[in-house]
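Notes for the one structure printed next.
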């Protein structure tokens, strides 16, 4: 398991179509060399709307490079490039189905905890220039995953990704998307998800509401 690309980007104003201008940091570019990982993000990176992006549970966004082949077939007219999904780390060998919420990872000298999947918003549509990517992204279960920073440090492209520890509950990133969006009758997995210390309260609140129904 390793990091193929490290990408960063600061908020910028872009035309979302029909002269509808929005501020977004989804347009990220790979950087060379070592970068510093702080408590809330990677050096040189930023988020436009801190209400829904960034923060302790969304400090670093990762997306598996393996998914790019799938998307290239789905959208052959799109010119894909690194960080096309706005990810900070484009990874290799680490998929949502194999990664548990609460797993701890080491990359370079920094350590992270897996916190949650990425839910698509309209800015993904801005990045791709098509609204249907939001629905297709969710249906694909290829969400990528967010990391919280447990130990600040440095990392760079090519670094190995190591497991420091695995969460005993074994609820995968993919499981969270699955039970939230598609299999809401899987109450057993929802109940287990409520026990996850690393899963943000916003997710737990949603699952409590679903269970209450």
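Assorted remarks:
- Candidates in the stretch 106-128 are the residues that are crowded, with 24+ Cβ neighbours inside 10 Å and over 19 Å from residue 206 (Cβ atoms); of these, the one that is nearest to the chain's Cα centre (by Cα) is 112.
- Boolean, residue 192 is surrounded by 15 or more Cβ atoms within 10 Å (Cβ to Cβ) and over 16 Å from residue 94 (Cβ atoms): yes
- Within the stretch 58-80, considering residues that are touching a strand residue (DSSP E or B) at 6+ places or on another chain (Cβ under 9 Å) and in a loop (DSSP other than H, G, I, E, B), the one nearest to residue 127 (Cα to Cα): 65
- Picking from residues in the stretch 12-26 that are in contact (Cβ under 8 Å) with a residue 60 or more places away in the chain and part of a strand (DSSP E or B), the one that is surrounded by the most Cβ atoms within 10 Å (Cβ to Cβ) is 24.
- Against the list (1) without any contact (Cβ under 8 Å) to a residue 24 or more places away in the chain; (2) within 18 Å of residue 82 (Cα to Cα), the condition residue 7 fails is (1).
- Residue 55 vs. criteria under 14 Å from the mean Cα position of the chain (by Cα), in a loop (DSSP other than H, G, I, E, B) and either surrounded by fewer than 20 Cβ atoms within 10 Å (Cβ to Cβ) or at pLDDT below 90 (or both): yes
- Qualifying residue in the stretch 40-47 (condition: farther than 14 Å from residue 123 by Cα and not in a loop (DSSP other than H, G, I, E, B)): yes
- Residue in the stretch 131-148 that is at pLDDT 95 or above, over 30 Å from residue 17 (Cα atoms) and within 18 Å of the chain's Cα centre (by Cα) present: yes
- Assessment of the stretch 27-39 against the conditions (closer than 27 Å to residue 197 by Cα, over 17 Å from the mean Cα position of the chain (by Cα), in a strand (DSSP E or B) and in contact (Cβ under 8 Å) with a residue 12 or more places away in the chain) yields at least one matching residue.
The values are calculated or read from the model by the stated rules, or taken from the named source; none is laboratory data. Just so you know, these numbers come straight off a predicted model, no measurement behind them. Don't worry about glycine lacking a Cβ; one is built from the backbone with ideal geometry, like all the others, and counts go over all protein chains shown.
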